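Take a look at the structure below.
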Amino acid sequence: MSAKPVNKSRVSSRKSGGSQSNSIGLWIVGVSVAVVVLVVALMMISSRQNVIAVETPDVQPEWIDRTTMGNPDASVVVQAWEDFLCPSCMQWTQMIEPRLVEDYVKPGLVRFEFRQFPLQSHAPGSINAALASECAADQGGFWIYHTRLFQAQNSGQSGYTLDRLVQYADEVGLDGRTLLQCMSGQNYAAQVNDSVNQALALGLNATPSVLVNGKRMTDPYDYEALQQEIDQLLAAAGE
């Protein structure tokens, strides 16, 4: 009995079909991976764009001096003693500071000073942030960097590690490597410590503490009271 001939064309077809199926499967996997990578990249870009959208204060450049902004000859000085990990400070920065800048600093009526008051209850992040902000001031970028530091509060202490602080500098257009060198050298440790001691000597025990020509405002969130105090001082100065 003779053996039944094998249909080589059908065997070849099966092999070809199997190869095509494997190729299609690999192609699908490759496309899926590419889509995932693209989505992740877009998310990262979107997140980065949200961060980089931080703006510098709309104040005359010559009126910005490290952690101070405004007319250097202004008769009224407003000081805000703050801690970058303090939620109340972030609220004040978002709600009150822009109005103060728009109404009084930009017209040259008030000089506004940010004062370092990192609380031990928020250490080590509060101290790291204070030091980093002073390093950013070396590059003329304190104000844009200070906004970015407040944005990092949602990350808690992990948002104020050395690598993250360097990352924020790069994000807002500063030189992260230079900031890293400044931080590593503890260039402003003495100044920040002196600032804390000065706050304590003034009897300050909370952040934010807002002083107008040395007078502490009872409620730093009461903008009308802040306006009234400033206006009275301006009127007394004939302005």
Euclidean distance between Cα centres, the range 215-239 to the range 157-204, Å: 31
Simple spin-label estimate for SER88 and ASP138 in nanometres, 7 Å along Cα-Cβ: 3.3
Run the numbers for GLN191 and ALA236: contour at 0.36 nm per residue of separation, minus the present Cα-Cα distance, in nm. 12.8 nm
Multiply the residue gap between ASP170 and GLU224 by 0.36 nm, knock off their C-alpha separation, and tell me the result in nm, one decimal place. 15.7 nm
How large is ³J(HN,Hα), in whole Hz, for each residue of the range 131-146 in order, when computed from phi with the Karplus curve 6.51 cos²θ - 1.76 cosθ + 1.60 and θ = phi - 60°, using x for Gly and Pro? 4, 5, 5, 5, 5, 5, 5, 4, 9, x, x, 4, 5, 6, 6, 5
One quarter of the convex hull surface, Cα atoms only: what value does that give for the range 82-219 in nm²? 8.2
GLN120-SER184 FRET efficiency (beta carbon distance; Förster radius 22 Å; 0.05 resolution): 0.45
To check you understand DSSP bridge types, tell me what percent of the beta bridges within the range 61-236 (both residues inside) are antiparallel, rounded to 5. 60
For VAL110, list long-range residues whose amide hydrogen, built 1.01 Å from N in the peptide plane, is under 5 Å from its own amide hydrogen. ASN71, VAL105
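Every read-out reported here was derived from the displayed coordinates using simple, explicitly stated rules and does not represent laboratory data. A quick note: this is a predicted structure, and the numbers were derived from the prediction, not measured. So basically every Cβ, Gly included, is an ideal-geometry build from the backbone, and we count neighbours across all protein chains shown.
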